[in-house]
1. Do you know which of the residues in region 233-267 that are open to solvent by less than 20 Å² (accessible area, probe 1.4 Å) and outside any helix (DSSP H, G or I) is farthest from SER177 (Cα to Cα)?
2. Name the residues in region 155-199 that are free of Cβ contacts under 8 Å to residues at least 24 places away in the same chain and closer than 29 Å to THR70 by Cβ, would you?
3. Only one of TYR287, TYR241 is among the hydroxyl-bearing types (Ser, Thr, Tyr) and more than 19 Å from SER383 (Cα to Cα). Can you tell me which?
4. For HIS60, state whether it is open to solvent by 70 Å² or more (accessible area, probe 1.4 Å) and either under 25 Å from GLY213 (Cα atoms) or in contact (Cβ under 8 Å) with a residue 12 or more places away in the chain (or both).
5. Can you give me the number of residues within region 206-226 that are of a type outside the set (Gly, Ala, Ser) and either within 20 Å of VAL182 (Cα to Cα) or in contact with a strand residue (DSSP E or B) (Cβ under 7 Å, 6 or more places away or on another chain) (or both)?
6. Considering every residue within region 65-76, establish whether at least one is more than 30 Å from LEU138 (Cα to Cα), surrounded by 15 or more Cβ atoms within 10 Å (Cβ to Cβ), modelled with pLDDT of 95 or more and acidic (Asp, Glu).
7. Out of region 20-57, which residues are open to solvent by 20 Å² or more (accessible area, probe 1.4 Å) and in contact (Cβ under 8 Å) with a residue 60 or more places away in the chain?
8. Can you name the condition, by its number, that LEU86 falls short on among (1) open to solvent by 10 Å² or more (accessible area, probe 1.4 Å); (2) under 29 Å from SER122 (Cα atoms)?
Amino acid sequence: MNEITRQVLDVVIAGLKDQSYTGIICDQHAFYVQTVENGFSGIVYKALNSAPISDQLKKHLERDFFGYVTRDAKQLDSIETLDHILNESKINHIFLKGSRLKAIYPESFMRAMGDIDVLIPSENMNDVHHLFKKNQILLKSRSTAHDVFELPNHIIVEVHPSLYKDFNPKYESLMKSPWSHVNLVHESRYELKHEYELVYLLYHLAKHLDASGIGLRSVLDIGLYAKHYESSMNIKTLHEYVNQVDMKQFFQSMMVLCQVYFDLDLNRFIDQDFRLEDEVIDGITEYLRTSGIHGTGKKHNAFTTRFASSKNKKKNRIGVILGIFFPDFESMCGIYPWLKKAPLLLPVTWLLRVIRLIFVKFKSSVRKVKSMTMKEDEIDQLSELFTKIGL
């Protein structure tokens, strides 16, 4: 494992335990980059209070930390606002992903999130649109996957009519029926049962790995969730869900990585005979830390991920490229909502997209084309790693 990566993880462990890390950071710039790209800025700052680091690093970490704290306060307030509005109108709802994961960290600001994700029954989507408009929550865009709104405090909300997105049919049978796996929390607010929610979080990780990357903090999410709810979960039910969506190897791989990275005791979730070879751990760790959260790492080429995933599914590489530049009907409806009323105009939206890529996003488009010229052996290596961890 990369030495800096190990130091980042050790500082994260200290931060989660509210301890101080006093070791020498051997490359402070690289440490900072990995911390930011992997979503650990809310955890490491306090752990390094007594560490011999430069004033410059301390200043950057402090700025990022207070940014996390400020945004966290706004998001928690926004969650309360949304909950109140939806409860008043008796609209059933479930907060997803980051909104839920914040609660399992020692401090909610330690777990940053981008948008607030809310699941509601598909038949209530129009009701939510009217309700949000009444409360000055503005519609930003629509798609079949989710509708995007903006609160008055500029926090973004994604409202989902379903959990399942058609990127791999093996997940459909379980992910298409979330309302069969819920507990009532308060009034019209529900939560996914812990066994089901853990599998959903795994599914969400797999979806991002399929398209871009997930970063190291996304692995921590899975480990902390499993550990936090371990005593209240039915392990037999969990394994039944995992087997139903053919994710047993992926799930146990994530558990092993959480033990290696974050010193979490997750043996209850791992078969005694399950092993990940050291070279697989080193390879996937390098990929994860480079990819960063949602594949945003500066040195990460997301097309390598897409081509490796498509190779595992035996998809044609040319088809993948065409899909990137000429998305399917549902994706184009997200960009051009009026297309739903005139589906025959799909070729027109493709033409508009091409014009935009050439004349508005020319530099970005050139970078994307250049990114597609990665070496075949890099794709093969990543494809093999994906297979070994169960994707």
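The values are calculated or read from the model by the stated rules, or taken from the named source; none is laboratory data. All values derive from a computational prediction rather than experimental measurement. Cβ placement follows ideal geometry from the backbone for every residue including glycine, while neighbour counts extend to all protein chains displayed. Surface accessibility is based on the protein's heavy atoms, side chains included, excluding ligands, DNA and RNA. Shrake-Rupley method; radii C 1.70, N 1.55, O 1.52, S 1.80 Å.
1. LEU266
2. The initial filter retains those residues of region 155-199 that are free of Cβ contacts under 8 Å to residues at least 24 places away in the same chain, namely 164, 166, 169, 172, 176-177, 180-181, 183-185, 193.
VAL185, the sole residue that qualifies.
3. Working: TYR287 fails: more than 19 Å from SER383 (Cα to Cα).
It is TYR241.
4. no
5. Looking only at region 206-226, we keep the residues that are of a type outside the set (Gly, Ala, Ser), and these are 207-210, 214, 216-217, 219-222, 224-225.
Remaining after also requiring either within 20 Å of VAL182 (Cα to Cα) or in contact with a strand residue (DSSP E or B) (Cβ under 7 Å, 6 or more places away or on another chain) (or both): 222, 225.
Looking only at that region, the number is 2.
6. Looking through region 65-76, none of the residues is more than 30 Å from LEU138 (Cα to Cα), surrounded by 15 or more Cβ atoms within 10 Å (Cβ to Cβ), modelled with pLDDT of 95 or more and acidic (Asp, Glu).
7. Hits for region 20-57 are VAL33, GLU37.
8. Just one mismatch for LEU86, condition (1).
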